[in-house]
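> Could you have a look at this structure, given as structure tokens, before my questions?
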Amino acid sequence: MTTDGADYRRLLHGRQNSHQAPVDGADGFEDDNLAAPQSPPHNVGARPQRDLGSADWGVFGSMKIVLFKSKLNLLIPCGFLAILIDYTSQNQGWVFPLSLLGIIPLAERLGFATEQLGLFTGRTAGGLLNATFGNATELVISIHALRSGKLRVVQQSLLGSILSNTLLVLGCAFFGGGLACGKTEQAFRKEDAVLNSGLLLMAVMGLVSPAMLYYTHTEVNLGQSALALSRFSSCIMLVAYAAFIYFELSNSRRRDEASEGGGGDQGDDDYEYAYPEISKWEAVAWLGIFTAWISVFSDFLVDAIEGASKAWKIPIAFISTVLLPIVGNAAEHASAVMFAVKDKLDISLGVAIGSSTQISMFVVGCSTMCCSLPLI
């Protein structure tokens, strides 16, 4: 009996120790699984949410991404060299090209900061931001030219920007997309193309009417009738552009729901899964910094137009209509071609034609209303 009682106590003690400290091995995993079974995830098949706080943001990280990521930033010192040459030798033949080279990377980085900010606002608002700040370079150059009294330079640069976006940027996007996609047929939404084409047609009618009145010499008051008709056309274009923005913003939610219900296209999915590289307020700060430096370089650029025309023996009309729009549209040009190569033709059309629409209806209208600039 004593032996049996001792054996019973040792067996009971061993069971207690086995519950308190399980040994490693299969039995331990079995006990763990029995004690805390893992429940299956509830969001299987659901669309992953964007984690905006997972990025490693900071001042130095932002500077590294914005300033050192693009090799095009190697041209930024050309702008400072142009300022140095202007103060030392005033050689306008060198100040103008160096200012152009200095503005190109700033315009591209301005587009990058706008794209990063658009990731926090959604597709429609992001597209409007891209169209607005994408034309900031042309707007800044036009403001400096108006302050210098060079009205013809402003008119030619705005016209050149419309032609550059519609013909050069869009043509390069189609050509690059065709080469990259090979035999694949690229498609785009017909509704957006028709809407932008209608706005461009309205802008053409608004630009042609004052020109017909001026060149047919049918004005009642010479010089005043064309300006009055230009202001009237500008009012119509500004109202139409405001209605276009309201339509885009009010229908953005409906389009998003329709794309989610129908599975969406590849461009929408890529935008949904795109992660920002910098924070929202860092993007806003970089927008202000790049706009300020573009304004500084544009001041020297506009002042050197006449000197560069004489030094290079190139007409001012060629500089205003061709060179200035190419520099101002550098960001749109790169973005449109990049999206077309990735088979996102809808975004390319929105960048190119949307920029032309904004210049022809908003920038030209504001210039006419605020600065008494006729549309001829």
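The values are calculated or read from the model by the stated rules, or taken from the named source; none is laboratory data. These figures come from a predicted structure and were not determined experimentally. Backbone-built Cβ (ideal geometry, glycine too); neighbour counts: all protein chains shown. For the accessible areas, the whole protein counts, side chains as well, though only heavy atoms, and no ligand, DNA or RNA atoms are used. Shrake-Rupley method; radii C 1.70, N 1.55, O 1.52, S 1.80 Å.
> Pairs please, first residue from the stretch 137-150 and among the β-branched types (V, I, T), second anywhere and outside any helix (DSSP H, G or I), Cβ atoms under 9 Å, 6+ apart in sequence or on different chains.
As it stands, the answer is T137/N329, since those pairs meet every condition given.
> Could you tell me which of the residues L81, L75 is more than 17 Å from G328 (Cα to Cα), part of a helix (DSSP H, G or I) and over 18 Å from the mean Cα position of the chain (by Cα)?
None of the other options fit; the residue is L81.
> For the stretch 273-302, enumerate the residues that are over 20 Å from I76 (Cβ atoms) and open to solvent by 50 Å² or more (accessible area, probe 1.4 Å).
Y273, Y275, K280, W281, V284
> What helices (runs of 4 or more DSSP H) completely inside the stretch 121-231 contain at least 2 residues that are modelled with pLDDT of 80 or more and surrounded by fewer than 21 Cβ atoms within 10 Å (Cβ to Cβ)?
So the answer is 136-147, 151-163, 170-181, 190-215.
> Which ones in the stretch 82-101 are farther than 23 Å from T137 by Cα and either open to solvent by less than 70 Å² (accessible area, probe 1.4 Å) or of a type in the set (D, E, K, R) (or both)?
N91
> Here's a follow-up. Going by the structure shown, is A340 part of a helix (DSSP H, G or I) and over 24 Å from L238 (Cα atoms)?
Considered against the rule, which asks whether it is part of a helix (DSSP H, G or I) and over 24 Å from L238 (Cα atoms), A340 comes out as yes.
> Kindly establish whether L84 is at pLDDT 90 or above and touching a Leu at 6+ places or on another chain (Cβ under 6 Å).
no
> Considering only the stretch 328-349, state which residues are at pLDDT 80 or above and of a type in the set (V, I, T).
V337, V341
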